[in-house]
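Nothing in this text is a laboratory measurement; each read-out follows from the coordinates by a stated rule. Being a predicted model, the structure only gives us computed values, none of them experimental. Neighbour counts are summed over all protein chains in view; Cβ atoms, including those assigned to glycine, are modelled from backbone coordinates with ideal geometry.
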Amino acid sequence: MATAVLDRTETKAKIISTGNSEIDKKLGGGIPLGSLILIEGQSDSGKSVLIQQIAWGSLRDGFSFTLMTTEDTVKSLLRQMKSLNLDILDYLLLGRFRVFHIRNTEAATGATLSPKQLLRALRAQSSDMVAIDSITSFIAHSPEEDVISFFEECKGLCAEGMSLAVVAHPYAFSQGMLVRISSLCDTHLRFTIESAGEKLMKTMEVAKIRGAQQSTGGVFSFDVEPGWGMRPIPFSKARA
């Protein structure tokens, strides 16, 4: 019995879980620690909800988590996560969950912050897992080589032990740049909103998870439900 418990603990410590067994199954059991994760997709397609799920799962597994967000204030984030039954207030009070609201411009000059300046902020973080939601406004008007260099430096941080998730909209990249960035990342998840008859449904494509413990779920549909979070929809129901 002791061996079985030890094995589960060792396995758990090697992955980033969403805290949702159904979603973890689609992700091949969870994302390996030390991964550079690209979460790409259009607005309102579920990217931020996945980040919140990953934060919740990481914190429950004993990891520390930093969220750098252009989207939410701390108050609105807490309210939204609580509505999805992802209450992280205690972790925030204990200092294991940290939230930084980042702006894409300097207040004094109005100049757009560069990927290099964002990278400096990343290097200052000491959490096991860091997420940026989103990077779009920082890279949309930056030279392509600066963006590639940013992701190469992020890969270096992951090699040093950080797990890092970067959220972006598709229009932030040219097609060629996206191919190069995807090749650098260990995990690439692509979110879309698709029409199914008169309904709109959210989908997540698991384009790549390097080092996944199990086979991944490919493309699947999901709802975002109060009190639940991300809930996969069976294929037959999604197409009904």
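A few points about this structure:
- A straight chain from Ala159 to Trp228 at 0.36 nm per residue would run longer than the Cα-Cα distance by 21.5 nm.
- Distance between the 7 Å Cα→Cβ label points at Phe100 and Glu152: 2.3 nm.
- Spacing of the two label points (7 Å from each Cα toward its C-beta) at Ser183 and Lys75, in nm: 4.7
- Under DSSP loop assignment and at most 16 Cβ neighbours within 10 Å, longest trypsin sites (Lys or Arg not before Pro)-free interval of the chain: 104-209
- Close amide H partners of Asp72, meaning residues 5 or more places away or on another chain with modelled amide H under 5 Å apart, do not exist here.
- Net charge over other residues, Cβ less than 13 angstrom from the Cβ of Asp90 (K, R count +1; D, E count -1): +2
- Rounded to the nearest Hz, the phi-derived 3J(HN,Hα) couplings of the stretch 21-30 under the Karplus curve 6.51 cos²θ - 1.76 cosθ + 1.60 (θ = phi - 60°) are 4, 5, 5, 4, 4, 5, 8, x, x, x, where x marks glycine and proline.
- Net charge of the neighbourhood of Asp72, taken over other residues with C-beta under 12 Å away and scored Lys/Arg +1, Asp/Glu -1, is 0.
- For the pair the stretch 185-234 and the stretch 15-62, the centres of their Cα atoms are 11 angstrom apart.
- Mean separation of Cα contacts under 8 Å, 6 or more apart, over the residue count of the chain: relative contact order %: 28
- Only DSSP H runs of four or more residues enter the estimate; each adds -39500 (n - 2.57), and after division by the residues of the chain the mean residue ellipticity at 222 nm equals -10500 deg cm²/dmol.
- For Ala165, distant residues with modelled amide H under 5 Å away: Ile37, Val130, Ala131, Ile132
- Karplus-based coupling profile of the stretch 120-129, in residue order and whole Hz: 4, 5, 5, 5, 7, 7, 10, 6, 5, 10, with θ = phi - 60° in 6.51 cos²θ - 1.76 cosθ + 1.60 and x standing for Gly or Pro.
- Between Gln117 and Ile193, the FRET efficiency estimated from the beta carbon spacing at R0 = 41 angstrom works out to 0.80.
- Straight-line reach from Lys199: taking Cα to Cα under 18 Å and skipping same-chain neighbours fewer than 8 places apart, the lysines in range are Lys237.
- Of Lys75/Lys116; Lys47/Lys82; Lys116/Lys202, those spanning more than 21 Å from alpha-carbon to alpha-carbon: Lys75/Lys116; Lys116/Lys202
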